[in-house]
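This report concerns only the one structure given below.
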Amino acid sequence: MSEQEKQSTEKVTGSFRTRAIHVGNEVDPSTGAIIPPIHFASTFQQPAAGEWGKFDYSRSGNPTRSQMQTTLASLEGGCGALAFSSGMAAIHCVTMMLKTGDHVVAGCDLYGGAYRLLHKVCNRSGITVTLVDMTDTAAVAAAINEKTKLVWAESIGNPRLSIPNLRELAEIAHAKNALIGVDNTFGTPVLVRPLEHGVDVVMHSATKYLGGHSDCLGGTLAVSKPELLDELYFLQNSTGAVLDPLTCFLVSRGIKTLDLRVREQSATALQLARWLESHPKVRSVLYPGLESHPQHALACEQFDGGFGAMVTFELDGTIEQTAAACGATRLFRLAVSLGAVESLIEQPATMSHASYDAADRARFGISDGLIRLSVGLESLDDLKADIDQAIR
Ligand SMILES: Cc1ncc(COP(=O)(O)O)c(C=O)c1O
């Protein structure tokens, strides 16, 4: 990566909310436009043959992508960031650092797509995986062996919303010379910044809260050290899964209201979770903000300003009855994905986690009665009424 292409967060000052609006969004010097233009150019004129300007070819670097990466690096507290064509492309880039014979320790409360990548794609290159309960740091330490090169966790597990101790995990991984990556899609940098806890690389499906409006697909990595950034940049540039300029613009726009949205959605989610806990048709509720959540105390320490806007709860019914309840909501749309202004509902067993083997679903508590909510910006009373009529 050229010196110019590296994103610097040196100039950054101000609160999270201020940086989300101003960092990377400098006034366009040639026109004075408050909003930087979208650069669709695929190639850039060079000063001379063999001499490189700031940008040369859009896969290698693009001004609009660079701006978005600068904002994200500032919000996650990284030395730089990279934007990918999807969240899965971002995770894949991390796994491309591995080679045959390497071993990965990943959380058992893991997004289905990450499970599939590790078990059904990385295994083709002779990479092995052990899934562990990331909330049990002793179990993580025991699972790491001399071949373990990567520990992969989620800041809020999916779909059971488990909370790992990020500082302890980072210490364990580093003590055994493994890299630690955290998928912060559910947590968002508003609430938790894994790099501050010693994590090496933090990943987002930008499709979710960063974009925030269910209208774009993207992924990001933010990185703690320049050497790691260089390696990931090399892999991304060599394989090509970069984010296009229009989507970079949409994600940048989404990021400006990220703080506001996530705090508001988290506050609604907490109240909805409390209400669900007292609902006669609900067997159990998993939400890190509830005193009943097994890692509630850790969540209070590790999170700042809320516990996220994902709520998981369990009904007593069969897989068909639960599917019928999910299909009976009117405001909550039956769809995978999450993190947008509109609320969504889904059944992990048949939707987001369908790519798990049935035995692993049973082992890791992804029961037939489990329902996952992504709480949007609608009013709490309307959301309650919608769930109530669907589960009754
Ligand atoms: C926690 C989490 N990580 C990663 C991904 C993958 O992101 P994408 O769909 O943008 O590839 C998702 C998608 O749902 C997700 O929920």
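Since every read-out is calculated from the coordinates, none of them should be taken as a lab result. None of these values were measured; they are calculated from a predicted model. Glycine gets a Cβ as well: all are built from the backbone with ideal geometry, and neighbour counts include every protein chain shown.
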> Using modelled amide H (1.01 Å from N, peptide plane; none on Pro or chain starts), what sits under 5 Å from the amide H of residue 187, excluding residues fewer than 5 places away?
Replying inline: 155, 156
> What is the spread of the Cα atoms of the chain along each of their three principal axes, largest first, in whole Å?
Replying inline: 72, 51, 34
> Rounded, prolate or oblate: which fits the stretch 157-296 when a ≥ b ≥ c are the square roots of the eigenvalues of the alpha-carbon gyration tensor, with rounded for a/c under 1.5 and prolate only if a/b beats b/c?
Replying inline: oblate
> Antiparallel as a % of all DSSP beta bridges within the stretch 16-256, to the nearest 5?
Replying inline: 45
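Relative contact order (percent) for the stretch 259-391, with alpha-carbon contacts under 8 angstrom and 6 or more residues of separation? Please list the in-between numbers first.
Working: 223 pairs, mean separation 38.6, N = 133.
Relative contact order here is 29 percent.
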> Once all Cα-Cα distances of the stretch 259-391 are split into 5 Å bins that start at 0, what whole-number percent is in each one?
Replying inline: 2, 11, 21, 24, 21, 14, 6, 1
> Is the stretch 268-308 best put as rounded, prolate or oblate by its Cα gyration tensor, with a ≥ b ≥ c the root eigenvalues, rounded for a/c under 1.5, and otherwise prolate when a/b is larger than b/c, oblate when not?
Replying inline: oblate
> Over what distance in Å are the Cα centres of the stretch 40-82 and the stretch 266-342 separated?
Replying inline: 39
>> Cut-off under 30 Å on the C-alpha distance; same-chain residues fewer than 8 positions from residue 147 excluded. Which lysines are left, in chain and number order?
In response: 99, 120, 176, 225
>> Going by average Cβ density within 10 Å per residue, which order do the peptides 202-211, 381-390, 107-116, 256-265 take, highest to lowest?
In response: 202-211, 107-116, 256-265, 381-390
> In deg cm²/dmol and to the nearest 500, what is the mean residue ellipticity at 222 nm of the chain if only DSSP H runs of at least 4 residues count, each as -39500 (n - 2.57), divided by the residue total?
Replying inline: -10000 deg cm²/dmol
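For the stretch 84-192, what does the alpha-carbon gyration tensor say about shape, rounded, prolate or oblate, given a ≥ b ≥ c as the root eigenvalues, a/c under 1.5 as rounded, and a/b over b/c as prolate?
Numbers: a/c = 1.59, a/b = 1.09, b/c = 1.45.
Note, shape of the stretch 84-192 comes out oblate.
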